[in-house]
Amino acid sequence: MTNKIDEGKRKENEKKFCNWEELSDGGRRYFYEVDGRFGWLARYIKEVDSKEQTLRFYQAIYDSTGKLIEVHEKYPEDKGHINV
């Protein structure tokens, strides 16, 4: 098993998401935001390990005041929309 970062995948994630945070375990949390038509905001979040393998992908929905109101985890298992 290799500990090497998948550089191609990293470049692809950086291009697609444009924003990321470095995590303490060597992984990253990528994200991008989409404004909704009615004042809400959707943030798409992808968490990867230190080798750039996807651990989790989910959507967080915020109301017009910036309060998190819903989370939709899509990977590793689609759990549907969960009200917060």
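The values are calculated or read from the model by the stated rules, or taken from the named source; none is laboratory data. From a predicted model like this one, the values you see are computed outputs, not experimental measurements. Neighbour counts are summed over all protein chains in view; Cβ atoms, including those assigned to glycine, are modelled from backbone coordinates with ideal geometry.
Some points to look at:
- Residue list for the range 1-34, filter: of a type in the set (A, V, I, L, M, F, W, C), more than 11 Å from residue 50 (Cα to Cα), out of contact with any helix residue (DSSP H, G or I) (no Cβ under 8 Å at 6 or more places or on another chain) and modelled with pLDDT of 95 or more: 17, 34
- All positions within the range 55-76 that are surrounded by 12 or more Cβ atoms within 10 Å (Cβ to Cβ), more than 28 Å from residue 9 (Cβ to Cβ) and of a type in the set (D, E, K, R): 63, 70
- Qualifying residues in the range 42-70 (those that are of a type in the set (Val, Ile, Thr) and within 11 Å of the chain's Cα centre (by Cα)) - the one farthest from residue 5 (Cα to Cα): 45
- Scanning the range 14-32 for residues that are under 11 Å from the mean Cα position of the chain (by Cα) and without any contact (Cβ under 8 Å) to a residue 12 or more places away in the chain gives 20, 21.
- Considering 52, 47, 33, the condition of being at positive phi and acidic (Asp, Glu) is satisfied by 52 alone.
- Scan the range 10-49 for residues that are of a type in the set (Ser, Thr, Tyr) and surrounded by 15 or more Cβ atoms within 10 Å (Cβ to Cβ) and the total you get is 2.
- Residue in the range 34-47 that is more than 30 Å from residue 65 (Cβ to Cβ) and out of contact with any Leu (no Cβ under 6 Å at 6 or more places or on another chain) present: no
- Some residue of the range 6-24 being in contact with a Leu (Cβ under 7 Å, 6 or more places away or on another chain) and not in a strand (DSSP E or B): no
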